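Comments concern the structure below.
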Amino acid sequence: QVQLVESGGGLVQAGGSLRLSCAASGSISRINVMAWYRQTPGKQRELVASITSIGSTNYLDFVKGRFAISRDYAKSTVYLQMNSLKPEDTAVYYCNARVFRTDYWGKGTLVTVSS
């Protein structure tokens, strides 16, 4: 079992920055990939960024060059640095951890970008 707790969401003006954090606990040594997803009402949850256990990263095209995912193994935390935010980035952001074929999710944190 893996437990995930997100923090760092909030209201920011367009062009601003936020850093999301996701603290993991439980069987963290078994985590293969950690990721951030986001979801807006009426839309499917989409992958924003992911990072593997060896540090390989992957990003949604829309956020490339603006967002950066990183992982602090000592703190069992994954971060999402979001710069140059746009109103279209407004969503609930969810932390995800994959252990083999099992996905674990946090409860989400709301990011609102005003124009």
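The values are calculated or read from the model by the stated rules, or taken from the named source; none is laboratory data. Since this is a predicted model, take the numbers as computed values, not measurements. When we count neighbours, we look across all protein chains shown, and the Cβ atoms used for this are built from the backbone with ideal geometry, even at glycine. Ligands, DNA and RNA are excluded from the accessible area calculation, which covers all protein heavy atoms including side chains. Shrake-Rupley method; radii C 1.70, N 1.55, O 1.52, S 1.80 Å.
Multiplying the sequence separation of T52 and S7 by 0.36 nm and subtracting their Cα-Cα distance, what value in nm do you get?
Stretched out fully, the T52 to S7 stretch lengthens by 14.1 nm.
With r defined as the distance between the Cβ atoms of A14 and K75 and R0 fixed at 30 Å, what FRET efficiency is calculated, to the nearest 0.05?
0.50
In vacuo Debye scattering of the chain, one point per C-alpha: log10 I(q)/I(0) at q = 0.11, 0.19, 0.20, 0.23 Å⁻¹?
Log10 I(q)/I(0), no solvent term: -0.31, -0.94, -1.03, -1.34.
So what are the ³J(HN,Hα) numbers for the range 13-21, from phi and the Karplus equation (6.51, -1.76, 1.60; θ = phi - 60°), rounded to whole Hz, Gly and Pro as x?
3J(HN,Hα) across the range 13-21, in whole Hz: 7, 4, x, x, 10, 9, 10, 8, 10.
For the range 1-113, how many pairs of lysine residues have a Cα-Cα distance under 24 Å, where the two are 8 or more positions apart or belong to different chains?
6
Taking a 1.4 Å probe, which of E6, E88, E46 shows the most accessible area, and what order do the others take after it?
E88, E46, E6
Computed FRET efficiency, Cβ-Cβ of D61 and F100, R0 30 Å: what is it to the nearest 0.05?
About 0.60, to the nearest 0.05.
Just the number please: accessible area per residue for the range 24-115, 1.4 Å probe, all protein chains included, in Å².
Value for the range 24-115: 55 Å² per residue.
If you roll a 1.4 angstrom probe over the protein chains with everything in place, what fraction of the accessible area of the chain belongs to carbon and sulfur, to the nearest %?
So the carbon and sulfur contribution to the accessible surface is 50 percent.
Anyone know which of Y79, Y37, Y104 comes out most mobile in the 10 Å Cα GNM of the chain?
Of Y79, Y37, Y104, the Gaussian network model singles out Y104 as fluctuating most.
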